[in-house]
Amino acid sequence: MRLLFSFLFFLGVVVNASAQELICNVSIDASRIQSDKSVFEDMQRTISQYINFQKWTNDEFEAYEKIKCNLQIIVTQRPSPDFFVCNLNLQVYRPALNTTYETLLLNVNDPKFNFRYVPFQQLTFVDNTYSDNLTALLNFYIFLILGFDYDSFSPNGGAPYFRKAQEIVNLANSSSNESGWRSNEDNRNRYWLMENLMNNSYKSFHTVVYKYHRQGLDMMESNAANARKSIMEALREMEKLNRQNPLLVIKKTFLDAKNEELVKIFQNAFVNDKKQFVELMQDLDPSNMAQYNSVMN
């Protein structure tokens with residue numbers, strides 16, 4: 001099980017072990033498509049069952065440990081009866097230890113979430129195989145979710161799941177013509193996200209994720225000053241990565257989930273800590289400086 005050793009006692013409840021790791025709310029927005037809506041109802045049900053009823057790890061997850069997420073598929077085109085052009089919006093949440101607060105762990109938009117689907121299609125997980133783009137996409141994001149979640153609880157804990165996500169990218173790259181899997185399409189797609197996550201030059205990013213959550217947010221309730229110090233250390237490590245490569249996808253992925261939260265964290269900090277935070281974010285995320293400057297008010 002993941003490193004939530006005291007959370008059960010804080011909740012004061014006893015729950016049974018449950019195999020599945022995810023509680024994922026799946027929604028399909030097909031409001032732009034003028035066609036029979038029953039296919040989208042079936043699609044939503046099928047994808048939800050595939051994500052939530054499959055066992056994705058060898059660990060046993062208690063009910064309180066399950067990872068909460070929202071997965072929204074926005075259908076923008078249906079060029080043929082079985083082909084759907086879509087955007088994906090994914091939000092993943094993680095509890096802060098000994099609180100009721102849930103942090104946004106991942107906030108991802110994928111504008112190339114395209115796949116084929118026919119009503120009553122069976123989705124089956126087959127390891128180390130590319131069978132179709134829908135299962136490849138779902139598998140990729142499931143292992144990405146697991147990787148970030150495990151990274152946030154133990155140092156480099158997400159490594160096995162990031163490797164699985166990388167395998168999916170490699171298989172899709174060689175077996176499919178679908179978008180989002182290749183290096184030559186753009187510099188912010190699935191390929192480059194995994195390149196960043198698996199590149200040894202950027203391995204300290206995994207430390208950033210761990211330090212921010214386990215040594216920062218999880219300690220906020222017991223010692224806010226030390227928790228902010230750990231979060232600042234994580235941001236300084238991110239700044240080093242940013243100096244290596246300002247176009248890192250992992251930097252954007254991290255800040256897209258954390259920018260609003262960072263403002264809340266440093267609003268109640270000492271003035272000197274606020275100043276250091278604002279100066280740091282000027283380098284890391286200059287486009288959102290109006291938001292970060294608000295901590296000085």
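We did not get these values from a lab; they are worked out from the coordinates using the rules stated. A quick note: this is a predicted structure, and the numbers were derived from the prediction, not measured. Cβ placement follows ideal geometry from the backbone for every residue including glycine, while neighbour counts extend to all protein chains displayed.
Details
- The range 154-281: proportion of alpha-carbon pairs further apart than 17 angstrom, %: 62 percent
- In the range 16-79, the GluC sites (Glu not before Pro) that fall in loop regions by DSSP, at most 13 other Cβ within 10 Å: E60
- The chain: equivalent-ellipsoid semi-axes (sqrt of 5 x gyration tensor eigenvalues, Cα, Å): 33, 23, 18
- Dipole of the range 27-157, positive direction: furthest Cα of Y93, F125, T46, with charges on the beta-carbon: T46
- When the chain is described by a simple charge dipole with +1 on each Lys and Arg Cβ and -1 on each Asp and Glu Cβ, the residue from V108, Y141, S201 located farthest towards its positive end is S201.
- Against the rule of thumb 2.2 N^0.38 Å, how large the Cα Rg of the range 79-214 comes out: 1.12
- The Cα-based radius of gyration of the range 76-152, divided by its Kirkwood radius, gives an Rg/Rh of 1.07.
- Which listed pairs, of K211/K251; K55/K211; K164/K229, have C-alpha distances above 25 Å, in listed order: K55/K211; K164/K229
- The chain: most fluctuating residue of V169, V39, V278 per GNM, C-alpha cutoff 10 Å: V39
- The range 146-297, dipole about Cα centre (Lys/Arg Cβ +1, Asp/Glu Cβ -1), debye to the nearest 20: 260 debye
- Taken about its Cα centre, the range 109-225 carries a charge dipole of roughly 160 debye when the Cβ of each Lys and Arg holds +1 and the Cβ of each Asp and Glu holds -1.
- Taking the inverse of the mean 1/r over every pair of distinct Cα atoms in the range 131-205 gives a Kirkwood hydrodynamic radius of 12.5 Å.
- Lys, Arg +1 and Asp, Glu -1 on Cβ, resulting dipole of the chain about Cα centre, debye, nearest 20: 480 debye
- For the chain, the longest site-free run once trypsin sites (Lys or Arg not before Pro) in DSSP loop states with at most 14 other Cβ atoms within 10 Å are removed: 56-202
- Zero-based 5 Å bins, Cα pair distances in the range 25-140, whole percents: 2, 10, 19, 22, 19, 13, 8, 4, 2, 0
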